[in-house]
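The values are calculated or read from the model by the stated rules, or taken from the named source; none is laboratory data. No experiment lies behind these values; they were computed from the predicted model shown. For neighbour counting, all protein chains shown are included, and Cβ atoms are generated from backbone atoms with ideal geometry for every residue, glycine included.
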Amino acid sequence: MTEAHERLRYYIDSQGFELKDFCTKFGFVYNSFTQILTGTRPLGRKIIDQVAGALPNLSIDWLLYGRGEMELSNKSVTNKNVSYQPSGKIGQVMETPAEYLYSDPVKEMFIRYLGDPDVQKVILNFVK
């Protein structure tokens, strides 16, 4: 698997979801989502945010770049009273780790990126 859409499809399958059920449960448009999974449409930030809400244990770093482990460490806390909705609203429909409501996967990925020693060298050379 060299592409993000391939890794996303693999992860969804590994969680035992039928694609149509996954789309219905988490608010994805089936036809558009299948185009993303085949690489016909790009995997944009909005979709990445929705995927992070739907699959909170999925490592976004692994999804986008194939680095590290496929799943995050088991640190998520489930709150049965709240749920992530694609509109960004909080509802009382499905169980979702409350951690997602307070995290930004892109921010976390950016922080890990800045922790890379090679990136730090480039930044230091730029600032000098």
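Remarks
- For segment 47-59, taking the residues that are part of a helix (DSSP H, G or I), closer than 16 Å to Gln15 by Cα and among the aliphatic types (A, V, I, L, M), the one that is farthest from the chain's Cα centre (by Cα) is identified as Ala54.
- Residue check for Ser76: of a type in the set (S, T, N, Q), surrounded by 14 or more Cβ atoms within 10 Å (Cβ to Cβ), assigned to a loop (DSSP other than H, G, I, E, B) and modelled with pLDDT under 80: yes
- Selection from segment 27-46 of residues that are within 21 Å of Asp61 (Cβ to Cβ), touching a residue at least 12 places away in the same chain (Cβ under 8 Å) and under 16 Å from the mean Cα position of the chain (by Cα): Ile36, Leu37, Leu43, Arg45
- The set of residues in segment 21-47 being of a type in the set (A, V, I, L, M) and either closer than 17 Å to Arg7 by Cα or touching a Gly at 6+ places or on another chain (Cβ under 8 Å) (or both) consists of Ile36, Leu37, Leu43, Ile47.
- Condition met for Asp118 (surrounded by 11 or more Cβ atoms within 10 Å (Cβ to Cβ) and either in a helix (DSSP H, G or I) or modelled with pLDDT of 80 or more (or both)): no
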